Amino acid sequence: SWNHTPQQIADLTEELIETTKAFNDHIASLSSNLTVEGVLLPYIDFENESQLLINQLFFYQYVSSDKDIRDASTAAEELFSEKMIEQSLRTDVYEVFKKLQEKVDSGMLSIASKEHQLFLSKTMLGFRKNGLHLPEDQRQVVKSYLSKLKELCIHFSKNANEENGYILFSKEELEGVPKSTVDSFEQVDKDGVQLYKMTFKYPDIFPVSGFANNETTRKTVYLGNGDKCKANNVILEEIIALRYKLAKLLGFNSFSDYVLDETLAQNVTTAVSFLTDLRRKLTPLAQIELEKLSEFKGAEVFKWDFKYLENKMLSKQYQVNETEIAEYFPMESTIEKMLAIYEKLFDLEFQPVLTNTSVWHEDVRQYLVLIGEGSNKKFLGVIYFDLHPREGKYGHAANFGIAPGYAKRDGKSRAYPITALVCNFSKKTESKPSLLKHYEVKTFFHELGHGIHDLLGRTEVARFHGTNVPRDFVETPSQSFEFWTWEKSILKNLSSHYLTNESLSDTLIDNLVSTKHVNGALHALRQLHFGLFDLAVHQLEDDESLELLNISRLWNNLSNEVSLISSGNYTVDSYGSFGHIAGGYESGYYSYFFSEVFGDDIYYTLFKDDPMSVENGRKYRDIVLSKGNSEDIMDNLKLLLGREPTSDAFLKEYGLDK
Ligand SMILES: [Zn+2]
């Protein structure tokens, strides 16, 4: 159920901390006759069984409409993380595992399950990454760094999520912005003048920066949005310095190397050269795109012009108007049809739960998910959709795993995954249903893809379940799924005009698809700016580089150099709302491109000819998606593709194959 009070959240968190401590005391007390059944299996079970409550209690901070509950959830997570750092740094537990590992290595003990073997080796690696092999005084320092880092990252995210800035505009200043957007703004009377309140949330800011004809309005939005989270600037400085010191203490060259050793890229050199190579290939293409934009504007293009000019160009040269296209994607029927695609590909069935009692807000809907056919049909898990914006709610679109699946100790039954999609689609109004822009259709299908990946997971151990895979692979499934939202046959089927029920015409689809790569290189370079910044601040190898680091300057310089579009000598510290850098994606932004290589390869190889190929859908499901991180991902990719992955499809997508 989803009706925890702030007090219950606090109490249950205390209880979790106590039971974890007691459990580790028990493990630590085992000294002789260590066995797999006595140490490893109970340890795995304990971890498996704790996940649901942990995830649930800390999920409230993103979705509860009650500020007290959100605060209790954030406070609980801070406390829990702090205490778990203590637990993960226990040398008494480490000593027991070290002895167990020695017995396994010497052949005195054997572990039957491959997954359990993997669990042990990853656990040992985790101990070393926490410095448990170091002398006492150094361990204390590691501990203080880790706990301070946790705290700083939580504050960074909280500042970004709860940011509630806004700008007041007059009606004239908003000229060009769709009427429905302007109508949705709160009106404020200021000295007898009606002003419109634009917040920095997506449904407000995208239409304004994308359509306001007044350049000053767009510039004001760009600058205001860029600096909306300045409180995070000093926090990030502290975070970067601590990460550097931590990595050094643990014997790594840089924080990036500390993070990347369990990824597909394996080290920072691979990641940097991958991005640098891509930047080199994209830059000439981007220069051509930028020239076209400035010809179109008839003047120099600035960052605040980019989306606006692109929209103008799209409607003029490509006859694509995203608001018009949106009329063909009423949210309800579109979502239903998207679910049907996944149902067919992976042999699933989504059953809406109509009596919505077990949800955290009245807007939330819940589906039971089944897999298989006829008498083989089995329960697979639960998915929640929380689709509309609310005050205090997480402001982006994302999938949150609530409960992982795993094999229960009895060897027969399983725990089922529960997963949630949190999005921010505008609500229906009296005259119109909620209409999805094409990018929202794509985003939803992408996030739903993460949800499906999570639901399809079928591992023994929760730690390897579903989307618990290396960061440079986690986007691969969703990136491959995005292709479906660009296929003509699929778009025909997904679309249904909210007044006439008509599908998109061939012409509209052709026009839409022709826009897929408009300014593709410029868009990619913008992402490369984030990726290169993220690696630049984390690959520092000596004290001097840290001394010299000026984050604001680095961010702004890279932004101008890499993205090619001028900021007109203004600087903005928009890294204050670069959530990834404090939210578990540190030194990992390169992953979006890295994993796309695999996603594109999978689509081109298995689905390009027939996006609804049931045979290939089943293969994808069984060889890759259901395996989570329980097997070698690269091996399984080779098995799925029938060869080594290549970047051919990826380069082709960016027009770089010639
Ligand atoms: Zn994603």
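The values are calculated or read from the model by the stated rules, or taken from the named source; none is laboratory data. Note that the structure is a prediction, hence the values are computed from the model and not measured. Cβ coordinates were reconstructed from backbone atoms using ideal geometry, including for glycine residues, and neighbour counts include every protein chain displayed. Calculation scope for accessible area: heavy atoms of the full protein, side chains included, ligands and nucleic acids excluded. Shrake-Rupley method; radii C 1.70, N 1.55, O 1.52, S 1.80 Å.
Can you give the Rg to Rh ratio of segment 366-427, both from alpha-carbon atoms, with Rh computed by the Kirkwood formula?
1.13
When ranked by the protection proxy of mean other Cβ atoms within 10 Å per residue, highest first, what sequence do the peptides 504-517, 145-158 form?
Taking the mean over residues of other Cβ atoms within 10 Å, the ranking is 145-158, 504-517.
Any idea of the accessible area per residue across segment 6-133, 1.4 Å probe, to the nearest Å²?
Ligands and nucleic acids excluded, the figure is 45 Å² per residue.
Only helical DSSP H runs with n ≥ 4 go in: add -39500 (n - 2.57) per run for the chain, normalise by residue count and round the 222 nm mean residue ellipticity to 500 deg cm²/dmol.
-17500 deg cm²/dmol, from helical runs alone.
At q = 0.28 Å⁻¹, what log₁₀ I(q)/I(0) does a Debye calculation on the Cα points of segment 57-109 give, no solvent, two decimals?
Summing over Cα pairs of segment 57-109 leads to -0.94.
Provide the per residue accessible area, probe 1.4 Å, for segment 164-226, rounded to a whole number of square angstrom.
53 Å²
How compact and how long is segment 6-133, expressed as Rg and Dmax of its alpha-carbon atoms in Å?
Looking at segment 6-133, its Cα Rg and Dmax stand at 16.9, 55 Å.
Over segment 553-658, what lengths in whole Å, largest first, do the semi-axes of the equivalent ellipsoid take, defined as the square roots of 5 times the eigenvalues of the alpha-carbon gyration tensor?
In descending order, the three semi-axes are 35, 18, 11 Å.
Taking 7 Å along the Cα-to-C-beta vector as the label spot, tell me the TYR439-SER110 distance in nanometres, rounded to one decimal.
Distance between label points: 5.7 nm.
Would you work out what percent of the accessible area of segment 160-241, with all protein chains in place, is carbon or sulfur (probe 1.4 Å)?
51 percent
Mind checking the per residue accessible area of segment 409-525 for me, 1.4 Å probe, whole number of Å²?
For segment 409-525, the solvent-accessible area averages 37 Å² per residue.
Can you work out the FRET efficiency for the pair SER32 and ASP632, with r the C-beta to C-beta distance and R0 = 41 Å, to the nearest 0.05?
With R0 = 41 Å, the Cβ-Cβ based efficiency is 0.70.
Considering only C-alpha atoms, what is the centroid distance from segment 558-572 to segment 610-658, in Å?
Here the two parts' Cα centres lie 36 Å apart.
Return the distance in nm (one decimal) between the two label points of a simple spin-label model at LEU79 and ASN569, each offset 7 Å from Cα along Cα→Cβ.
5.3 nm
Rounded to whole Å and sorted largest first, list the principal axis extents of the Cα atoms in the chain.
78, 65, 56 Å, listed from the longest principal axis down.
Which FRET efficiency value, to the nearest 0.05, do you get for THR269 and GLN317 by plugging their Cβ-Cβ distance into 1/(1 + (r/R0)^6) with R0 = 60 Å?
Once the sixth-power term is evaluated, E becomes 0.90.
7 Å from Cα along Cα→Cβ at both GLU373 and ASN493: what's the point-to-point distance in nm?
1.5 nm
Taking segment 118-181 as the region of interest, what is the percent of Cα-Cα pairs per 10 angstrom bin, listed from the shortest bin to the one with the maximum distance?
Binned Cα distances yield the sequence 16, 22, 20, 14, 9, 14, 5.
Give the carbon-plus-sulfur fraction of the accessible surface of segment 331-468 in %, rounded to a whole number; probe 1.4 Å, heavy atoms of protein chains only.
About 49 percent, which is the carbon plus sulfur part of the accessible surface.
Ratio to report: Rg/Rh of segment 25-93, with Cα atoms as the point set and Rh obtained by the Kirkwood method; give two decimals.
1.14
In the P(r) worked out for segment 244-287, what percent of Cα pairs fall beyond 11 Å?
Here the long-distance tail beyond 11 Å is 67 percent of all Cα pairs in segment 244-287.
Radius of gyration and Dmax for segment 452-550's Cα atoms, expressed in Å?
When restricted to Cα atoms, segment 452-550 yields Rg and Dmax of 21.1, 66 Å.
Looking at segment 164-226, what % of the alpha carbon pairs are farther apart than 15 Å?
For segment 164-226, the fraction of Cα-Cα distances above 15 Å is 42 percent.
PRE reach from LYS171 (point 7 Å along Cα→Cβ): which of segment 186-222 fall under 19 Å by backbone N?
186-198, 208, 212-214, 217
Please report the base-10 log of the normalised intensity I(q)/I(0) for segment 331-468, using a Debye sum with one equal scatterer per alpha carbon and no solvent, at each q in 0.12, 0.13, 0.18 (1/Å).
Values, matching the q order: -0.50, -0.58, -1.07.
Any chance you could check the Cα centroid distance between segment 365-426 and segment 10-50 for me, in angstrom?
Here the answer is 27 Å between Cα centres.
Can you send over the carbon and sulfur percentage of the accessible area for segment 1-71, probe radius 1.4 Å, protein chains only?
Carbon with sulfur: 50 percent of the solvent-accessible area.
Report the gain in length on full extension from GLN138 to SER294: 0.36 nm times residue separation, minus Cα-Cα distance, nm rounded to one decimal.
Contour length minus the Cα-Cα distance gives 50.5 nm.
Note down the Stokes-Einstein diffusion coefficient of segment 102-261 in µm²/s, whole number, using a Kirkwood radius over alpha carbon pairs, 10 °C, and 1.306 mPa s.
Translational diffusion coefficient: 78 µm²/s.
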